[in-house]
Amino acid sequence: MPREFLNTERIAYLTMEVALRPDIPTYSGGLGVLAGDTVRSAADLELPLVTVSLASRKGYFRQRLDANGRQQEEADPWEPSERARPLQARVVVPIEGRDVWVGGWLYVLEGGLGGRQPVILLDTDLGENSADDCELTHYLYGGDAAYRLKQEIVLGIGGARMLHALGFRVRQYHMNEGHAALLCLELMNRYAYPNDDLRPGETPYDIPRVRDLCNFTTHTPVEAGHDKFPYDLVDRVLGDFIDRQTLRRLAGEDQLNMTRLALNSSDYVNGVARRHAETSQHLFPGYHVRYVTNGVHPQTWTHVAFAGLYDRSLPGWSHEPELLVRADCCLSDEAVWQAHQAARRDLVALVRDRTGIGLDPEAFTLGFARRMTAYKRPELLFSDIARLKAIAGNHPLQIVMAGKAHPRDEEGKRAIEAIHAHMHELAGVIQTAYIPNYDMAVAATLVAGVDVWLNTPLPPWEASGTSGMKAAFNGVPHLSVLDGWWSEGRIEGVTGWAIGNGDADGDDATHLYEKLDQVVLPLFYQDRAGWLRLMKNVIAKNASYFNSHRMMRRYASDAYIR
Ligand SMILES: *Cc1c(COP(=O)(O)O)cnc(C)c1O
């Protein structure tokens with residue numbers, strides 16, 4: 001391990017997925033992109049982090065779509081040796097009573113401002129292991145519950161042991177979602193009292209000490225997003241790693257709930273937006289759930305044309321994005337519009353390249369792309385096709401979409417097919433395109449090149465959402481249901497628009513159509529100066545705040561230094 005990474009105490013950031021760059025498929029969606037932005041901001045701010053994740057050699061999956069929008073999943077492998085250096089250390093973790101060896105890779109993330117960050121990608125694909133154990137770090141979110149539990153042993157227990165073996169001095173641990181919570185059990189064992197000091201009924205573990213070391217960020221109020229394992233499986237896979245009574249007290253009586261374990265083992269717990277923390281506080285009464293609203297990494301999500309404009313007019317913005325608050329006064333309409341046109345050209349080229357469809361570079365373009373799953377309501381825009389056609393009759397409109405469904409999310413897959421059917425119904429009236437294989441690179445082109453970014457989740461299930469923040473760095477306003485970060489970011493008519501009032505039972509489709517027809521499209525086509533004022537306000541008020549530099553400075557001051 002290079003000296004530069006060992007000579008200072010670090011924050012160990014453990015995450016199941018991390019989006020390091022578009023051609024390293026160790027991420028599936030928002031959680032991994034956020035982890036990547038976390039590391040990129042840490043690099044720019046020179047915050048001493050060490051990130052631990054899995055090598056995921058076979059990636060998540062590559063999405064192919066047939067003409068009807070049926071999703072086919074293909075392996076998306078990568079070769080760690082081409083991008084990372086092998087680690088010199090190996091550790092073992094206990095799985096089903098045997099020793100499984102864990103090795104891995106050092107990926108050095110080099111930030112745009114010169115900072116460097118170590119990222120450890122754990123890998124069990126080693127000669128010492130059985131064929132089955134070699135596969136434990138292959139598939140991100142693949143396999144059954146037993147496979148997942150074993151992966152989480154590698155991440156949480158193997159991760160902590162690997163950091164120790166490599167010589168890292170860890171100041172605090174940060175669990176990005178509950179997947180890493182077995183870390184807490186490793187720390188309990190590390191900081192146990194000698195057995196002969198115990199009075200009957202006392203736990204041998206120094207729980208306050210572990211809690212003092214741990215920070216936990218919960219990322220979703222959706223129940224299925226919280227890993228739970230039945231205790232008979234845990235007993236079989238993890239054996240007597242920790243005494244049962246303590247485990248049940250910390251992780252739940254009926255099953256091992258990773259979220260509970262992390263909550264009970266961390267002095268600092270947060271949700272990822274104000275509204276999400278409120279929702280989580282109801283889900284987890286008795287815990288203090290704070291919030292650090294998510295952000296996105298400035299340089300990564302800003303189109304080169306806008307980055308050039310900011311470099312000229314607001315130098316220093318990529319280290320201190322607060323400087324963008326001046327965007328409303330400092331940027332000329334002409335320069336903003338030209339940067340937007342450059343982003344639009346890239347989008348038109350991407351859509352032609354991936355789908356063969358020729359977008360109109362002048363027409364108002366609505367963008368929607370994210371994980372395709374029920375609570376995100378990807379079909380809401382198509383609830384009333386006749387109404388949508390009528391709106392397009394009043395003002396030209398085109399739509400660009402993208403998104404993968406998890407291989408086992410049948411509802412999500414059906415949504416992609418339904419969207420394709422709607423796209424056929426709209427043919428000749430509204431130009432539509434669905435870009436296959438949504439990833440970081442597609443996201444960057446899409447959020448910058450559209451005119452408005454749409455989000456229609458069912459409240460309160462969108463914990464934060466980050467793609468609308470990416471749009472903000474490119475002056476693209478957000479039209480969204482009031483959930484997640486948008487409850488904080490929306491100033492009506494200034495940074496974008498709300499759909500509905502944020503309740504779950506509102507008629508959001510009708511509100512969406514009304515806003516589009518009566519507010520958004522008229523402004524775009526009839527008041528270009530007003531539209532440019534809006535674009536500049538989006539940059540000034542939202543990009544200046546909803547960025548991962550602010551987020552990491554908050555984690556540093558509130559969680560890491562306490
Ligand atoms: C940003 C991003 C996401 C998350 O977007 P949300 O708005 O939070 O749903 C998902 N996937 C990719 C590829 C992204 O770049």
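The values are calculated or read from the model by the stated rules, or taken from the named source; none is laboratory data. Note that the coordinates shown come from a computational prediction; the quantities given were computed from them, not determined experimentally. Every residue, glycine as well, gets a Cβ built from its backbone with ideal geometry; the counts of neighbours run over all protein chains shown.
Evaluating Gln245 against the criteria (1) farther than 30 Å from Ala343 by Cα; (2) in contact (Cβ under 8 Å) with a residue 24 or more places away in the chain; (3) in contact with a helix residue (DSSP H, G or I) (Cβ under 8 Å, 6 or more places away or on another chain) leaves one unmet condition, (3). Taking the stated definitions as given, is Arg414 within 26 Å of the chain's Cα centre (by Cα) and more than 15 Å from Arg70 (Cβ to Cβ)? Criteria not met by Arg414.
Every residue, every condition in (1) in contact (Cβ under 8 Å) with a residue 24 or more places away in the chain; (2) polar (S, T, N, Q); (3) surrounded by fewer than 19 Cβ atoms within 10 Å (Cβ to Cβ); (4) in contact with a strand residue (DSSP E or B) (Cβ under 7 Å, 6 or more places away or on another chain), yes or no:
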residue: Pro477; (1), (2), (3), (4): yes, no, no, yes
residue: Ser480; (1), (2), (3), (4): yes, yes, no, yes
residue: Trp485; (1), (2), (3), (4): yes, no, no, no
residue: Glu492; (1), (2), (3), (4): no, no, yes, yes
residue: Trp497; (1), (2), (3), (4): no, no, no, yes
residue: Ala504; (1), (2), (3), (4): yes, no, yes, no
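Scanning region 309-318 turns up no residue that is out of contact with any strand residue (DSSP E or B) (no Cβ under 6 Å at 6 or more places or on another chain) and either under 20 Å from His478 (Cα atoms) or not assigned by TED's automatic domain parsing to the domain that holds Trp486 (or both).
Somewhere in region 36-47, is a residue part of a helix (DSSP H, G or I) and either of a type in the set (Val, Ile, Thr) or in the same structural domain as Ala415 (by TED's automatic domain parsing) (or both)? Let's see the steps before the verdict.
Going through region 36-47, the residues part of a helix (DSSP H, G or I) turn out to be 36-45.
From what's left, either of a type in the set (Val, Ile, Thr) or in the same structural domain as Ala415 (by TED's automatic domain parsing) (or both): 38-39.
Looking through region 36-47, at least one residue is part of a helix (DSSP H, G or I) and either of a type in the set (Val, Ile, Thr) or in the same structural domain as Ala415 (by TED's automatic domain parsing) (or both).
Phe306 falls short of the stated requirement of being assigned to a strand (DSSP E or B) and of a type in the set (Phe, Trp, Tyr).
Where in region 517-562 are the helices (runs of 4 or more DSSP H), entirely inside, with at least 2 residues that are in contact with a Phe, Trp or Tyr (Cβ under 6 Å, 6 or more places away or on another chain) and closer than 13 Å to Gly496 by Cβ? Reasoning before the result, please.
Numbers: elements: 521-526, 528-537, 548-554.
Answer list for region 517-562: 521-526.
Please enumerate the residues belonging to region 20-35 that are part of a loop (DSSP other than H, G, I, E, B), modelled with pLDDT of 95 or more, within 11 Å of the ligand (Cβ to nearest atom) and in contact with a helix residue (DSSP H, G or I) (Cβ under 7 Å, 6 or more places away or on another chain). Result: Tyr27, single match.
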